[in-house]
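Have a look at the structure below, then the notes.
Only the coordinates and a few stated rules stand behind these numbers; no lab work does. Predicted model only: the values in this text are computed from it and were never measured. Positions of Cβ are backbone-derived with ideal geometry, glycine not excepted, and every protein chain shown enters the neighbour counts.
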Amino acid sequence: MKKLNLIAAALVLAAPAAFADGNPASGKQIFETHGCAGCHDASAVAKAGQDPQPPILAGQYKDYIIQALREYKKNERKGSPMNAMAAPLSDTDMKDLAEYLSALPGPLGTLPEGGH
Amino acid sequence: MRIRALTLGLAALLVSLGAQADGDAAKGKVAAYACIGCHGVPNYTNQYPNYRVPELAGQRAAYIVQALKEYKAGDRAHKTMHAQASSLSDQQMQDIAAYFESLGKTAPAGQ
């Protein structure tokens, strides 16, 4: 029984990093040193009136941020300054960035109920 | 008298043209009804691949327009968003985007 517990514990510890959350401190460092703030603003609440207009990232769902970064890196979304920006990011970098950005305060939210 | 009427008429025309150039958030609220089914549900996930659809309320209007155009043109590959965006005119995209940005909880446009 004890051996089974040990094996179970070992398996849990060996669980792939994919299931772990990102490191927001690392994400903050990447955001600040990689040049992201230049377009998205240091607060990640991108100012309006830019061309092309960068999206507000603060408070966005983290899995969506990762998805977008992957699409830019793989050139599935093309023709954007983000293609070059995402190219050097590892999966861990993306996860860390997403963890950091999703927790920042900002104006983003779910759409309210409509009505005619 | 006639010159004044002409001037007023011209002014009205110019104002209305200006209003058309940007989005009309009130019209956008109506046009965006189809968006709420997914983007109005907290933590709503795509079927596959499995990730949450983005929060749109408060997002920058010009970015929304750009994204919708890319979905419509197929430059962003997503079947549902392609179908949704394909049903929108350029003006409707502007209206919807203006509505979304107007929902922002905190930061105004220049902040």
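For the pair B:N50 and A:Q50, label points projected 7 Å from Cα toward Cβ lie 3.3 nm apart. Once both labels are positioned 7 Å from their Cα atoms along Cα-to-Cβ, the gap between B:A26 and A:N83 label points is 4.2 nm. The calculated 222 nm mean residue ellipticity attributable to helices in chain A amounts to -14000 deg cm²/dmol, summing -39500 (n - 2.57) over DSSP H runs of n ≥ 4 and dividing by all residues. Modelled label positions at A:S26 and B:A77, each set 7 Å beyond Cα in the direction of Cβ, lie 2.9 nm from each other. Check the straight Cα-Cα distances from B:K72 and name the lysines below 29 Å, setting aside those fewer than 8 residues away within the same chain. Excluding near neighbours in sequence, the set is A:K47, A:K62, A:K73, A:K74, A:K78, A:K95, B:K27, B:K29, B:K105. Amide H contacts of B:A57 (H built 1.01 Å from N, in plane; Pro and chain starts excluded): A:G109, A:L111 sit under 5 Å, all sequence-distant by 5 or more or on other chains. Are there trypsin sites (Lys or Arg not before Pro) in the range A:76-112 that DSSP marks as loop and that have at most 14 other Cβ atoms within 10 Å, and which are they? Passing sites in the range A:76-112 are A:K78.
Each of B:D24, A:D51 was scored by other Cβ atoms within 10 Å of its Cβ. Listed from fewest to most, they are A:D51, B:D24. For the range B:69-104, the set of trypsin sites (Lys or Arg not before Pro) satisfying both a DSSP loop assignment and a count of at most 14 other C-beta atoms within 10 Å is empty.
Which angle from 0 to 90°, rounded to the nearest 10, does the C-alpha axis of helix A:91-102 make with the longest principal axis of chain A? Helix A:91-102 sits roughly 60 degrees off the main axis of chain A. Each of A:L6, A:L97, B:L103, A:L108 was scored by other Cβ atoms within 10 Å of its Cβ. Listed from fewest to most, they are A:L6, B:L103, A:L108, A:L97.
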